[in-house]
1. Please give the length that would be gained between Met308 and Arg253 if that part of the chain were fully extended, namely 0.36 nm times their separation in residues minus their C-alpha to C-alpha distance (nm, one decimal).
2. With 32 Å as the limit, write out which pairs from Lys273/Lys386; Lys281/Lys386; Lys276/Lys380; Lys281/Lys327; Lys281/Lys380; Lys276/Lys412 have Cα-Cα distances beyond it, or answer none.
3. Under the Karplus relation 6.51 cos²θ - 1.76 cosθ + 1.60, θ = phi - 60°, what is the ordered set of whole-Hz ³J(HN,Hα) values for the range 291-308, x standing for Gly and Pro?
4. Would any residue of the range 435-451 have its amide N under 15 Å from a label point 7 Å out along Cα→Cβ of Ala406? List them or say none.
5. Based on the Cα coordinates of the range 327-462, what is the per residue volume of their convex hull in Å³?
6. When you count, for each residue, the other Cβ atoms within 10 Å and take the mean per peptide, how do 113-120, 429-436, 71-78 rank with the highest first?
7. At 10 °C and a viscosity of 1.306 mPa s, what translational diffusion coefficient does Stokes-Einstein give for the range 487-578, taking Rh as the Kirkwood radius over Cα pairs? Give it in µm²/s as a whole number.
8. Magnitude of the Cβ-charge dipole of the range 429-578, K/R +1 and D/E -1, about the Cα centre, nearest 20 debye?
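We did not get these values from a lab; they are worked out from the coordinates using the rules stated. Computed from a predicted model, the values in this text were never measured in an experiment. All Cβ positions, even for glycine, are placed from backbone atoms using ideal geometry, and neighbour counts span all protein chains on display.
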Amino acid sequence: MKALKKLSTLLTVLVLTACSYDDSKLWEQVNQNTERIASLETWQTETNTNIQSLQTLLNTVDYITAVTPITEAGMEVGYTISFLNSPAITIYHGQKGEQGEQGEDGITPQIGITQGEDGNWYWTLNGKLMTDDQGNPFRANGETGAIGTSAPIPQLSTGNNLRAQGVTTDAQGAILVADAIYLSVNGGQTWTRISGEKGDNFFSRIDTTDPTQVTFIMADGTTTISIPRYTGLMLTFDVTEIELVCGSEQSIRFTASGSNQFTPDNIFVVNPKGWKTIVTKVSGSATEFNLSIIAPTNKESEGEILVMLDNGQGNTDIERIQVTAIKSVLDGTTLTAGALQPGDLAAMIGNRTDLTDITVTSGSINEVDWAAIVSQGSLKTFDLAKAIYTGTDENNLIYNRSSNNAQLISAKLPQGVTGLGELSFQYSYNLTSITLPVEMTSIGRAAFRNCYALTSITLPNGVNNIGAYAFAYCRNLTSITLPDEVTFIENSVFEDCESLTSIIIPDGVKRIGYAFGGCTALTTIICLATTPPTLPGTDVFSDSHNLDVIQVPANSVYTYQASPNWRWYIRCIQPIPK
């Protein structure tokens, strides 16, 4: 600026007093000032680029895929840093430009960063923290520390460039000097003069020798930032958002790339509160895994599951799955509900009678909810195994209130039910499977009569009472497990179970009635009691024309052969093989 004023004065004098003048030195000075300003503006542009790039490095959770040198006139001047998922950035070397000649113009401004005790990074100028008017330091990695938030970015500019933008004075009210450097830390609202000279960059060098990471060394020679290289490490999920009913579970498949030696030990999962996950490897695959996600059982919830893949060599990939737990889903005629309070299910069903499938994933139901279930004339399946029954009829539960029992194919009863009432599932012709709760102690009279499609059933260990005709006419029943608590097998319990080929009678049974009439396929009976159970007559097994063997404890063979009514089957009685 001083030089331009001198030039103006000299030109005026020359015009007024002389016809000839050697102005080569004067124009040389003007050219030098012009070149100097241009050089400063180039440096200012490069430095602002570096500031932006530095902030990107501080905030990135990405991987570096390439470091490419930038050359000008055959000389290396910087690097292009390429990332796996983010735009590339450019940084320039920390090489000094031409130094000024006078006083304060010779000061070298240096932008840098320093890590505070709180673990965050802060901007520095000439080794000191940059601060606002209140003395607060400026964060370099996000205003609130969260990745992705906008942190204030210092900006540099020459006075010449600011003049072109219409700025005339700095923050202190002084006239801008063309070849001075100015700093703004508030988005260009105000500018403070920090130097009049191009100085060192804040990147000293980049270390690319480590195959697992790239290290950026700052101008102070000690501050470093390390960014992992991309090594092919990647998690790929089929879905990134999941909505589940409370208490339900869903399995999703994902691929862990970068090695064919990964196991679930390389996978780390962070769950929102109440959520659970299980990682298993897909059998026969080198890179595929299953992630089972279980929603909270007692409340609606949403959050983010973080899945991390660690190759054990300092490289990690992180993926996020958004998860939401809701109370119910009604899809056409299928209702799935969870986190229930007694009465909730009935309210959800309302006046509908056309549901075909009902599943409760968590919570409690009562007799009102049960009545709403059995009112569905088209019901094919219900799964209440994860529900708790709190109704007053838990020891006498009856399903046979529907006009169309024949539609039912599969059923799972709720926890807390202790007994089935008389005729409970009678005429459920298409019932192929049923799961009973462990609390069950009694099976009512004719509870499963005429369940033609039922092929097998396991009774809980606590069942001690099975009513007459309980499984009568279950023509496809081939096997049944009787619990140890049973002491009496009632008349006609297995009447006309014409596919039943064998049965084990527990050692607690004291008496066997006319339970096996019409069991024409029965070939094997295993009786575990050391004392022969009482038989009401000689014809208890008379319809079992194919009966080949009655196995009993070895020490009790003679006792059975000599016992009243058992001796009629003396030819069949044999010891249980060891």
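1. Contour length minus the Cα-Cα distance gives 18.3 nm.
2. The answer is Lys281/Lys380.
3. Running phi through 6.51 cos²θ - 1.76 cosθ + 1.60 with θ = phi - 60° gives 10, 8, 10, 10, 6, x, 8, 10, 6, 6, 7, 8, x, 9, 8, 9, 10, 10 Hz.
4. 450-451
5. On the way: hull volume 11.7 nm³, N = 136.
Taking the convex hull of the Cα positions in the range 327-462, it is 86 Å³ per residue.
6. Working: 113-120: 12.4, 429-436: 16.9, 71-78: 10.5.
By packing density, highest mean first, the sequence is 429-436, 113-120, 71-78.
7. On the way: Rh = 12.9 Å.
For the chosen part, D equals 123 µm²/s.
8. 200 debye
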